[in-house]
Amino acid sequence: MFSHLYDRKYLFKCLLSMAFLFGLMKATGGSGFVIVIPMVFYGLLSRKTESLFFWLLMSVCAIIANGYVIPKNAVFAWSQRGLMLSLGVCMALNVMAYPKHAVMKPYLGIIFYIVFMFFSSAQGWCPPISFLKLILFTVIYFSYFGVANQVGINPTVSSKHVRSVMLAVSLLFVVGSILLVPFPGLSQMKHDDFVDSPLATSLFMGMTNHSQCLGPVVSSISIVVFADLLFSVRKWDPLYLFILFCCPYLIYKTSSRTGMGAYVLGMMFVAYIFMRARGVGSRWKSRALTTVMIFSCGLILVLACLPRVQKSALRFLLKTTSESPSAVTAEAVMSTRQALIDRSLYYFRKKPLLGNGFQVSEEMSSLKLKGVASVLSAPIEKGVWVSAVLEEGGIIGWLLFVWFLVVCIITSIKRRAYIGASCLFLSMLTNLGEFTFFSMSYTGGFTWAMVFVGLALDIRKMKDENAAIQREMMMREMRMQQGGVGR
């Protein structure tokens, strides 16, 4: 019943390690996170790549985890940032020293955008903040890149263990959030965390630190799990199905239109490339697509036939608690983001060629810097990535970034890295609602981590398929030799 492509014992070990880490953080107010530092560097120095992969993801998960369940303090903040910065430097050196897998090479294209943004930021609103945020983004990005590349090229890595780590992270946020539903004191945001508004229909944040964070996080998990199920596992595994059935409920609970829209379009994208994928058996492809179509048609029928469900869907789309929601229009759906888009375009027109600098706003031009911590955590909200990247990098920066995204997705699909391509496409969708591409200490850090988790799974799938082909060829040669000896 369960797939043999993941190790249930290793999955249980990962869950126990996770429980130990977060239990220690709970007991120490967050200071217990420091135990991750020696574990990460032990995995790095001893080349235990699965261990390094797991503890890196734990560091990513901890920073967006629910603060009531997993408390965080100054010790956590400094140790987590210090760990990611030092690991990023090590991985950047690792990337230069070791060969890169063909699937990973297009993702180095981000360097062109980063280099340009240093020049753009030098004449921008606040160069010190931009430079520090660029450095933070770069080193964390390369820590993800380097670990994913090691997972791919290290011959001692177990694909089952890599998949088990991915499932452990998925269970943390999906099952953890489900278990918190009966406890609103832990799972709902407090009044002080938001502006009281009739648009706030739900403040469920589950195992994350914000209701608008849980939607994109669960959407990313659903895409990784769904794509891995279709392209790698190729059977209806109960654990995968359980995670997938929980995801839309959790996204609905958050009232995150960004999360739901990204979820629906992301799942459609995975199904589309699955239809056109090479190297997938026709029998499994037919069974999977038939099941997906039946489920989709059933969902559409429910929406079409049940007025109560229709009203709930309208209230979700319009973010209203009214019993008689108005019609859905583009203006109503975009109303919460239109002001941010207009503002970004206004500042873009002032500097259309070079932009105004990386991850800064006009208000920061007069900001007094009180320390590195305040600089790295300086908040920024710009809404939609298309207009935000234009504001920050101008036409040149926008073209470089779009070129990077398009090349990575197209090349990944051509090289059969379907999971990584799907995750990057999902990240593009979530950033159409909230611009977090470069917020590596928030949702952006998790969505980028899922992109590289997807690439790691793709590479392991290819290696396993090549190994299976080689074993089959060897078996054929042995049978032919035995037949020749017999004659």
Note down all Cβ pairs under 6 Å where the first residue falls in region 108-127 and is within 11 Å of residue 355 (Cβ to Cβ), the second is surrounded by fewer than 17 Cβ atoms within 10 Å (Cβ to Cβ) and of a type in the set (S, T, N, Q), and they're at least six residues apart or on different chains.
-> 125/365
Any hit, region 142-159, residues being surrounded by 20 or more Cβ atoms within 10 Å (Cβ to Cβ) and outside any helix (DSSP H, G or I) = yes
Region 232-249, residues that are open to solvent by 10 Å² or more (accessible area, probe 1.4 Å) and in a loop (DSSP other than H, G, I, E, B) = 234, 235, 236
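Given the condition more than 15 Å from the chain's Cα centre (by Cα), touching a residue at least 12 places away in the same chain (Cβ under 8 Å) and either over 23 Å from residue 170 (Cβ atoms) or open to solvent by 10 Å² or more (accessible area, probe 1.4 Å) (or both), answer yes or no: does some residue in region 420-427 qualify?
As a first pass, look at region 420-427 and keep what is more than 15 Å from the chain's Cα centre (by Cα): none.
Looking for residues that are more than 15 Å from the chain's Cα centre (by Cα), touching a residue at least 12 places away in the same chain (Cβ under 8 Å) and either over 23 Å from residue 170 (Cβ atoms) or open to solvent by 10 Å² or more (accessible area, probe 1.4 Å) (or both), one finds none in region 420-427, hence no.
Yes/no matrix, rows are residues, columns are (1) at pLDDT 85 or above; (2) open to solvent by 70 Å² or more (accessible area, probe 1.4 Å); (3) in a loop (DSSP other than H, G, I, E, B):
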| position | (1), (2), (3) |
| --- | --- |
| 227 | yes, no, no |
| 230 | yes, no, no |
| 251 | yes, no, no |
| 259 | no, no, no |
| 262 | yes, no, no |
| 265 | yes, yes, no |
| 270 | yes, no, no |
| 273 | yes, no, no |
| 301 | no, yes, no |
Residue 80 fails exactly one of (1) more than 18 Å from the chain's Cα centre (by Cα); (2) within 30 Å of residue 463 (Cα to Cα); (3) part of a helix (DSSP H, G or I), namely (2)
So residue 35, is it without any contact (Cβ under 8 Å) to a residue 24 or more places away in the chain, out of contact with any His (no Cβ under 9 Å at 6 or more places or on another chain), closer than 28 Å to residue 221 by Cβ and of a type in the set (A, V, I, L, M) = yes
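Looking only at region 86-110, count how many residues are open to solvent by less than 70 Å² (accessible area, probe 1.4 Å) and either modelled with pLDDT of 85 or more or not aliphatic (A, V, I, L, M) (or both). Spell out how you get there, then give the answer.
Filtering region 86-110 for residues open to solvent by less than 70 Å² (accessible area, probe 1.4 Å) gives 86-88, 90-92, 94-95, 100-104, 106-110.
Applying the additional criterion that residues be either modelled with pLDDT of 85 or more or not aliphatic (A, V, I, L, M) (or both) yields 86-88, 90, 94, 100-104, 106-110.
Residues flagged as open to solvent by less than 70 Å² (accessible area, probe 1.4 Å) and either modelled with pLDDT of 85 or more or not aliphatic (A, V, I, L, M) (or both) within region 86-110 amount to 15.
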Of the residues 416, 471, 460, which single one is closer than 23 Å to residue 280 by Cβ and in a loop (DSSP other than H, G, I, E, B)?
-> 416
For region 341-377, what are the residues that are closer than 22 Å to residue 127 by Cα, under 26 Å from the mean Cα position of the chain (by Cα) and at pLDDT 60 or above?
-> 344, 357, 358, 359, 360, 361
Given 413, 395, 380, which one is under 22 Å from residue 447 (Cα atoms), modelled with pLDDT of 90 or more and open to solvent by 20 Å² or more (accessible area, probe 1.4 Å)?
-> 413
Out of (1) at pLDDT 95 or above; (2) open to solvent by 40 Å² or more (accessible area, probe 1.4 Å), the odd one out for residue 404 is which?
-> (2)
Within region 21-78, residues within 23 Å of residue 205 (Cβ to Cβ) and charged (D, E, K, R) come out as 26, 72
Check region 117-126 and report whether any residue there is in contact with a Leu (Cβ under 7 Å, 6 or more places away or on another chain), open to solvent by 30 Å² or more (accessible area, probe 1.4 Å), at pLDDT below 90 and assigned to a loop (DSSP other than H, G, I, E, B).
-> yes
For residues that are part of a strand (DSSP E or B) and either crowded, with 24+ Cβ neighbours inside 10 Å or in contact with a His (Cβ under 9 Å, 6 or more places away or on another chain) (or both), tally how many sit in region 200-225.
-> 1
Could you identify the single residue in 332, 388 that is open to solvent by less than 50 Å² (accessible area, probe 1.4 Å), under 30 Å from residue 260 (Cβ atoms), modelled with pLDDT under 60 and in contact with a Ser or Thr (Cβ under 9 Å, 6 or more places away or on another chain)?
-> 332
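Give me a count of the residues in region 83-104 that are without any contact (Cβ under 8 Å) to a residue 40 or more places away in the chain and either part of a loop (DSSP other than H, G, I, E, B) or within 22 Å of the chain's Cα centre (by Cα) (or both).
Looking only at region 83-104, we keep the residues that are without any contact (Cβ under 8 Å) to a residue 40 or more places away in the chain, and these are 86, 93, 96-97.
Subsequent filtering for residues that are either part of a loop (DSSP other than H, G, I, E, B) or within 22 Å of the chain's Cα centre (by Cα) (or both) retains 86.
Residues meeting the conditions: 1.
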Has region 4-23 got at least one residue that is surrounded by fewer than 15 Cβ atoms within 10 Å (Cβ to Cβ), within 18 Å of residue 72 (Cα to Cα) and among the basic types (Lys, Arg)?
-> no
May I ask you to list the residues in region 428-450 that are touching a residue at least 40 places away in the same chain (Cβ under 8 Å) and in a helix (DSSP H, G or I)?
-> 428, 429, 430, 443, 445, 446, 447, 448, 449, 450
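The values are calculated or read from the model by the stated rules, or taken from the named source; none is laboratory data. From a predicted model like this one, the values you see are computed outputs, not experimental measurements. We place every Cβ from the backbone using ideal geometry, glycine too, and count neighbours over all the protein chains shown. These area figures cover heavy atoms from the full protein model, side chains too; ligands, DNA and RNA do not enter into them. Shrake-Rupley method; radii C 1.70, N 1.55, O 1.52, S 1.80 Å.
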